[in-house]
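The values are calculated or read from the model by the stated rules, or taken from the named source; none is laboratory data. Everything quoted here is computed from the prediction, not taken from an experiment. When we count neighbours, we look across all protein chains shown, and the Cβ atoms used for this are built from the backbone with ideal geometry, even at glycine.
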Amino acid sequence: MPTTMEKVICTTCPKGCTLEVTRDGATVVSILNGCKRGHEYARQELTDPRRMVATTVRIDGGVHPLLPVYTSAPFPKPRIPELLKTLREVELQAPVKMGIPVLRNVLGTGIDILASRDMKTR
Ligand code: SF4
């Protein structure tokens with residue numbers, strides 16, 4: 001397979017370096033520019049991109065109709081639409097305490113969905 005060169009902008013720190021990554025198929029051959037943290041970021045981004053996800057789920061009996069939630073760890077990017085579909089089907093019951101897992105091991109990823117805030121009853 002021919003080698004390819006891609007540019008990846010590192011978002012690990014505010015410097016925002018442009019890294020030049022050379023790959024041979026799926027194998028990273030070299031990374032130019034940036035630091036060690038940036039190189040780890042580029043490898044992850046090109047082989048298993050992940051993002052923190054913050055959204056809301058429905059909650060019954062609370063002072064608001066929606067509860068903000070977030071992933072306990074960066075979530076696999078290609079599966080985010082599937083995650084959002086799953087979360088659209090969730091309906092919790094108030095009260096809820098900030099930080100509690102509202103879904104454990106979501107979609108078998110080992111990642112939990114956590115409440116971002118308390119939600120008292122109406
Ligand atoms: S490569 Fe290093 S210095 Fe550059 S943005 Fe990433 S973490 Fe910051």
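Points to keep in mind about this one:
- Whether a residue is within 15 Å of the chain's Cα centre (by Cα) and either in a helix (DSSP H, G or I) or of a type in the set (F, W, Y) (or both) was assessed, and L114 does not pass this test.
- The residues in segment 12-39 that are more than 7 Å from the ligand (Cβ to nearest atom) and either in a strand (DSSP E or B) or modelled with pLDDT under 95 (or both) can be counted, and the count is 14.
- Annotation: L83 fulfils all but one of (1) in a loop (DSSP other than H, G, I, E, B); (2) within 13 Å of the chain's Cα centre (by Cα); (3) not charged (D, E, K, R); the unmet one is (1).
- Summed over segment 40-49, residues that are more than 15 Å from the ligand (Cβ to nearest atom) and among the acidic types (D, E) total 1.
- Residue among K77, K120 that alone is modelled with pLDDT of 95 or more, within 26 Å of M5 (Cα to Cα) and outside the structural domain of K7 (by TED's automatic domain parsing): K77
- Subset tally (residues that are within 11 Å of the ligand (Cβ to nearest atom) and not in a strand (DSSP E or B)) for segment 1-11: 2
- The set of residues in segment 41-62 being small (G, A, S) and loosely packed, with under 15 Cβ neighbours inside 10 Å consists of A54, G61.
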